[in-house]
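Below: the structure, in structure tokens.
The values are calculated or read from the model by the stated rules, or taken from the named source; none is laboratory data. Remember, it's a predicted structure, so these values are computed and weren't measured experimentally. As a convention, Cβ positions derive from the backbone with ideal geometry for all residues, glycine included, and neighbour counts pool all protein chains shown. Calculation scope for accessible area: heavy atoms of the full protein, side chains included, ligands and nucleic acids excluded. Shrake-Rupley method; radii C 1.70, N 1.55, O 1.52, S 1.80 Å.
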Amino acid sequence: MTQDEMKKQVARAALEYVDVGGIIGVGTGSTANHFIDALAEIKHKIDGAVASSEVTAMRLKSHGIDVIDLNSAGDLSVYVDGADESTRFLHLVKGGGGALTREKIVAAASKTFVCIADDSKLVDILGEFPLPIEVIPMARSYVARQIVKLGGDPVLREEFTTDNGNIILDVHNLQIMEPVKMEAQLNNIAGVVTNGLFAIRPADVLLLGSKDGVKTIT
Ligand code: 5RP
């Protein structure tokens with residue numbers, strides 16, 4: 001089974017968490033795209049979806065799924081999204097696709113966060129995948145200097161602007177031993193919009209696609 005087939009398998013498994021008659025949150029990335037394609041088959045069962053990025057909104061609309069502004073949706077029953085890394089404690093690194101800020105907002109507004117990934121994303125310690133940080137453009141150098149003091153090597157994501165008009169610094173060489181503490185510490189730097197650690201609000205359920213089927217970690 002290829003990595004993409006595992007992503008497809010796990011995306012389909014997440015349909016089980018979709019409540020009939022509600023509005024759900026939908027993430028960004030190739031695994032989330034498989035989820036959107038599967039969701040299209042049961043679209044009559046939901047009232048619509050809140051998108052975590054412009055690209056996800058476009059894909060939802062292309063399937064005829066109503067895209068709803070979070071401000072009109074209230075709290076959501078479930079948010080389904082992928083991850084770049086996850087631990088067994090369901091702490092995540094996200095933002096490989098650059099949508100981390102809206103993803104974090106939609107996750108925060110959701111009762112249950114179902115993370116879907118292939119099993120290559122499960123790690124013991126977060127940080128091998130460079131940690132994305134969304135930064136207000138004028139703060140780029142200042143934020144980079146503060147990150148170096150914390151032991152990271154920030155690299156500007158070239159030719160990339162987020163949906164919110166900001167830049168991304170991808171931080172290499174961080175060994176994230178205390179994800180909750182580091183998430184708060186990074187968010188405290190002036191000019192940081194948010195960082196790609198999802199530890200203060202981790203996932204509630206991790207569905208992992210593997211060649212032996214879908215594994216559930218809670
Ligand atoms: C986008 C994300 C994605 O969930 C993450 O990058 C995983 O992507 P993929 O499903 O393509 O492996 O956080 O900002």
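Answer yes if at least one residue in region 186-205 is open to solvent by 60 Å² or more (accessible area, probe 1.4 Å), touching a Gly at 6+ places or on another chain (Cβ under 8 Å) and not acidic (Asp, Glu), and no otherwise. Looking through region 186-205, none of the residues is open to solvent by 60 Å² or more (accessible area, probe 1.4 Å), touching a Gly at 6+ places or on another chain (Cβ under 8 Å) and not acidic (Asp, Glu). When the residues of region 89-105 are filtered to those that are assigned to a loop (DSSP other than H, G, I, E, B) and open to solvent by 40 Å² or more (accessible area, probe 1.4 Å), which remaining residue is farthest from the ligand (Cβ to nearest atom)? In this case the residue turns out to be 89. Need at least 2 residues that are among the small types (Gly, Ala, Ser) per element, so show me which strands (runs of 3 or more DSSP E) inside region 106-200 make the cut, counting only ones lying wholly within it. Those strands (runs of 3 or more DSSP E) span 110-118.
Looking at 85, 128, 134, which one is in contact with a Leu (Cβ under 7 Å, 6 or more places away or on another chain), charged (D, E, K, R) and under 23 Å from residue 2 (Cα atoms)?
Selected residue: 85, the only one of 85, 128, 134 that is in contact with a Leu (Cβ under 7 Å, 6 or more places away or on another chain), charged (D, E, K, R) and under 23 Å from residue 2 (Cα atoms).
Taking region 178-215 only, how many residues are more than 18 Å from the chain's Cα centre (by Cα) and more than 23 Å from residue 134 (Cβ to Cβ)? The total comes to 6.
Among the candidates 209, 152, 213, the residue that is at pLDDT below 95 and open to solvent by less than 70 Å² (accessible area, probe 1.4 Å) is uniquely 213.
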